[in-house]
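Trainee: One structure, as structure tokens, below. Some questions next.
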Amino acid sequence: MPPAPIQVVDVALYFLPVQTRVPLKFGTETLTEVTCARVCLTVATPSGRTATGWGETPLSVQWVWPSALPYAERLQALQALCGQLAHAWQNFGDAGHALEIGFDFLEFRLPTLLRAFNAARPADARLPWLAALACASAFDLALHDACGQALALPIYDTYRAPYLARDLASYLTPAADRADSISFQGRYPADFLRPQRRNSLLAWHLVGGLDPLDAADLSGSEPQDGHPLTLVDWIAQDGLQALKIKLRGQDSAWDWNRLLRVGHLALTHQVLWLTADFNCTVTDPTYVTEMLDRLRDEAPRIFALLLYVEQPFPYELDDHPIAVHSVSARRPLFLDESAHSWRHIRRGRELGWTGVALKTCKTQTGALLSLCWAQAHGMTLMVQDLTNPMLAQIPHCLLAAHANTIAGVETNSMQFYPDASTPEAAVHPGLYRRRQGMIQLDSVQGPGFGLRAAEIKRTLPAPF
């Protein structure tokens, strides 16, 4: 048993609505608003001492649940599931470290809750597992923060013995082709994390499908709020060095022109890296390989900037077991939406994927276990954003600071709702602005995730 095992004794759930300043295109849908689920979770130790932790996740409806159903109907369902999760956590009796309790909840409680929730809904209105993970993540993040608070330690200092009673073999199984060379016995997450976290991270900027690239794209209807409007302006203000390009995946002419335009701007402004994100809309690897080959042959300098390719194919690997070796032979290919858990990553590796985009919106527990499995099998890592504002930004960036990512972290809430995080930015200024292409984590200090929540002057709505 780890020192001072914790047990959940109280849960409070809040919903914080946020409006975007400019629209963000997600695959076939467009995001103009988001509601963040914020959780306050209280834990107790055997001695009766209590500690409080906080977690937050944007309920990004279009990303977690692409569907023809109305946005409001999907959001209402996500909020209802969050309410049921709050009740479930209030009555969850496990004791131990946050990683152990979190795993037990995700493995044994969440699937049952989701099945019961969906059984009461029409067949075309049932929540996918990714949506359930997003709802669960705010609670799981709060659990890890509370665990660190109870131990009076930064939570990343506790992902090892003696704080963990179970080693990674309790959770993870090597791939069949590596069973003789990989063992998780006696190994802990700390063995796969950086020995020291980074306090300065390269910041990736998202180039959305609707984003104006230069002045020629402006319509005159853009917000006049003092923030940049075009990609060129963002590069100039923030010193950007890494750009993630959202593509359609179903319109090769549009995707090609977008890659070329952004690529030429990147070359002109000395940007270091690009990545292409097809957002799960491609069904044939040839679509991607032909575009990559054309880029290599016709625009080799742009091709040289392309560090990796992100999730072109549908995210349910069991339903769409597409062999992708032809794509990953050309550029590293990263699972994102498909990386629900280490088991899904194992399946992705079999199909030819070579990297994993970790997200705290799929739970801190799941992200850590996925990181360990992927690292053990030689897969490349990245930490990707869900346009995280407010408290959600801090554990997201902290994961990237401790992980061996291919290059920094994606962070774009300052593009789409820069004023939403004003109270948090007063305490952590370096996390909510990008300067010289970097973000800074120096202010993130103290137990748990180092949120310093008591110093953040935010007025919360009534609990749900």
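Please treat every number below as a calculation from the coordinates, not as lab data. Values in this document were obtained by computation on a predicted structure and should not be read as measured data. Cβ atoms come from the backbone with ideal geometry, glycine included; neighbour counts cover every protein chain shown.
Trainee: For region 398-436 and region 109-147, what is the centre-to-centre distance using only Cα atoms, to the nearest Å?
Mentor: Spelled out, the Cα-based centre of one part sits 26 Å from the other.
Trainee: For Cα pairs less than 8 Å apart in space and 6+ apart in sequence, what is the mean separation divided by the residue count of the chain, i.e. the relative contact order in percent?
Mentor: Numbers: 929 pairs, mean separation 87.8, N = 464.
RCO, the chain: 19 percent.
Trainee: Given Cβ point charges of +1 (Lys, Arg) and -1 (Asp, Glu) and nothing else, what value in debye, to the nearest 20, does the dipole of region 7-170 about its Cα centre take? Display every interim value, and only then the final one.
Mentor: Numbers: 11 positive and 14 negative charges, 51 e Å.
The calculated dipole for region 7-170 is roughly 240 debye.
Trainee: Then there is this: Quick check on region 176-290: take the gyration tensor over C-alpha atoms, sort the square-rooted eigenvalues as a ≥ b ≥ c, and tell me if it's rounded (a/c under 1.5), prolate or oblate. Walk me through the numbers on the way to the answer.
Mentor: Values: a/c = 2.91, a/b = 1.56, b/c = 1.87.
Because a/c hits 1.5 or more and a/b fails to exceed b/c, region 176-290 counts as oblate.
Trainee: Dipole of region 193-455, Cα-centred, from +1 at each Lys and Arg C-beta and -1 at each Asp and Glu C-beta, to the nearest 20 debye? Before the final figure, lay out the partial values.
Mentor: Numbers: 23 positive and 28 negative charges, 202 e Å.
Roughly 980 debye, rounded to the nearest 20.
Trainee: For region 32-43, just list the computed ³J(HN,Hα) in residue order, Karplus coefficients 6.51, -1.76 and 1.60, θ = phi - 60°, integers in Hz, with x standing in for Gly and Pro.
Mentor: Values, residue by residue: 10, 7, 8, 10, 9, 8, 10, 10, 10, 10, 9, 10 Hz.
Trainee: Return the calculated 222 nm mean residue ellipticity for the chain, to the nearest 500 deg cm²/dmol, obtained by summing -39500 (n - 2.57) across DSSP H runs with n ≥ 4 and dividing by the residue count. Working shown, then result.
Mentor: Numbers: 15 runs with 156 residues, N = 464.
Computed mean residue ellipticity for the chain: -10000 deg cm²/dmol.
Trainee: Using Cα centres only, tell me the gap between region 255-333 and region 11-89 in whole Å.
Mentor: Result: 31 Å between the Cα centres.
Trainee: Further, regarding this structure: For region 205-364, calculate the relative contact order in percent as a whole number, restricting contacts to Cα pairs under 8 Å that are 6 or more residues apart. Display every interim value, and only then the final one.
Mentor: Values: 237 pairs, mean separation 26.7, N = 160.
Dividing the mean separation by the residue count of region 205-364 yields 17 percent.
Trainee: What list of ³J(HN,Hα) couplings, whole Hz, do you get for region 129-138 from phi and the Karplus terms 6.51, -1.76, 1.60, once you set θ to phi - 60° and write x for glycine and proline?
Mentor: 4, 4, 5, 5, 4, 4, 4, 5, 5, 4
Trainee: Next up: Per residue of region 205-218, in order, report the coupling 6.51 cos²θ - 1.76 cosθ + 1.60 (Karplus, θ = phi - 60°) as ³J(HN,Hα) in whole Hz, putting x for Gly and Pro.
Mentor: 9, 8, 9, x, x, 9, 6, x, 8, 8, 4, 5, 8, 6
Trainee: Quote the charge dipole size of the chain about the Cα centre in Debye, to the nearest 20; the model charges only the Cβ of Lys and Arg (+1) and of Asp and Glu (-1).
Mentor: Numbers: 38 positive and 45 negative charges, 145 e Å.
Using Cβ point charges on Lys, Arg, Asp and Glu, the chain gives about 700 debye.
Trainee: Can I ask one more? Nearest 5 is fine: what % of DSSP beta bridges in the chain come out antiparallel, could you say?
Mentor: Working: 29 of 54 bridges.
The antiparallel fraction comes to roughly 55 percent.
Trainee: Follow-up question, since we're still on this one. Quick one: grab the alpha carbon gyration tensor of region 193-455, order the square roots of its eigenvalues as a ≥ b ≥ c, and give me rounded if a/c is under 1.5, else prolate or oblate depending on whether a/b is larger than b/c. Don't skip to the answer; put the middle values down first.
Mentor: Values: a/c = 1.86, a/b = 1.10, b/c = 1.69.
It is oblate, given that a/c is not under 1.5 and a/b is not larger than b/c.
Trainee: Moving on. Can you tell me, using C-alpha contacts under 8 Å and at least 6 residues apart, the relative contact order of region 7-170 as a whole percent?
Mentor: 29 percent
Trainee: A further question follows. Angle, helix 393-402 long axis vs. longest principal axis of the chain, Cα atoms, 0 to 90°, nearest 10?
Mentor: Helix 393-402 sits at roughly 90 degrees to that axis.
Trainee: How about residue 457: which aspartates and glutamates have a C-alpha closer than 15 Å to its C-alpha, ignoring those fewer than 8 places off in the same chain?
Mentor: Straight-distance partners of residue 457: 419, 424.
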